[in-house]
């Protein structure tokens, strides 16, 4: 039961992360977000993909995959749009 509840939280968290992906694609810019915080939570997600199977938390693992993919896509988009902004400013 604990795995299911944790997996549910992970899944909902992943859905909120996909909202961030949607927002960055609409705005085409990033402001007020630290690379460190995004990097930390992305690394935590990757750790969970190792940890959850080791404790047989398969609901959490499945939902954690959603979190990792969404966070990774968002992080890549953040880097892309920040680089584009820096190139625009350099002109």
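The values are calculated or read from the model by the stated rules, or taken from the named source; none is laboratory data. Just so you know, these numbers come straight off a predicted model, no measurement behind them. All Cβ positions, even for glycine, are placed from backbone atoms using ideal geometry, and neighbour counts span all protein chains on display.
Taking the listed residues 39, 13, the one that is buried (at least 17 other Cβ atoms within 10 Å of the Cβ), within 13 Å of the chain's Cα centre (by Cα) and under 17 Å from residue 70 (Cβ atoms) is 13, with no other qualifying. On the stretch given as region 16-29, residues that are loosely packed, with under 13 Cβ neighbours inside 10 Å and under 26 Å from residue 61 (Cβ atoms) total 3.
Could we say that residue 60 is in a helix (DSSP H, G or I) and either touching a helix residue (DSSP H, G or I) at 6+ places or on another chain (Cβ under 7 Å) or modelled with pLDDT of 95 or more (or both) here?
On the way: in a helix (DSSP H, G or I): yes; either touching a helix residue (DSSP H, G or I) at 6+ places or on another chain (Cβ under 7 Å) or modelled with pLDDT of 95 or more (or both): yes.
Against the criterion (in a helix (DSSP H, G or I) and either touching a helix residue (DSSP H, G or I) at 6+ places or on another chain (Cβ under 7 Å) or modelled with pLDDT of 95 or more (or both)), residue 60 qualifies.
Determine, yes or no, whether residue 33 is surrounded by fewer than 16 Cβ atoms within 10 Å (Cβ to Cβ), in contact with a helix residue (DSSP H, G or I) (Cβ under 9 Å, 6 or more places away or on another chain) and in contact (Cβ under 8 Å) with a residue 12 or more places away in the chain.
Numbers: surrounded by fewer than 16 Cβ atoms within 10 Å (Cβ to Cβ): yes; in contact with a helix residue (DSSP H, G or I) (Cβ under 9 Å, 6 or more places away or on another chain): yes; in contact (Cβ under 8 Å) with a residue 12 or more places away in the chain: yes.
In short, yes.
Restricting attention to region 78-91, report how many residues are under 11 Å from residue 29 (Cβ atoms) and surrounded by fewer than 17 Cβ atoms within 10 Å (Cβ to Cβ). Residues in region 78-91 being under 11 Å from residue 29 (Cβ atoms) and surrounded by fewer than 17 Cβ atoms within 10 Å (Cβ to Cβ): 5 in total.
If we scan region 63-70, do we find a residue that is more than 17 Å from the chain's Cα centre (by Cα), surrounded by 17 or more Cβ atoms within 10 Å (Cβ to Cβ) and part of a helix (DSSP H, G or I)? No, there is no match, as no residue in region 63-70 is more than 17 Å from the chain's Cα centre (by Cα), surrounded by 17 or more Cβ atoms within 10 Å (Cβ to Cβ) and part of a helix (DSSP H, G or I).
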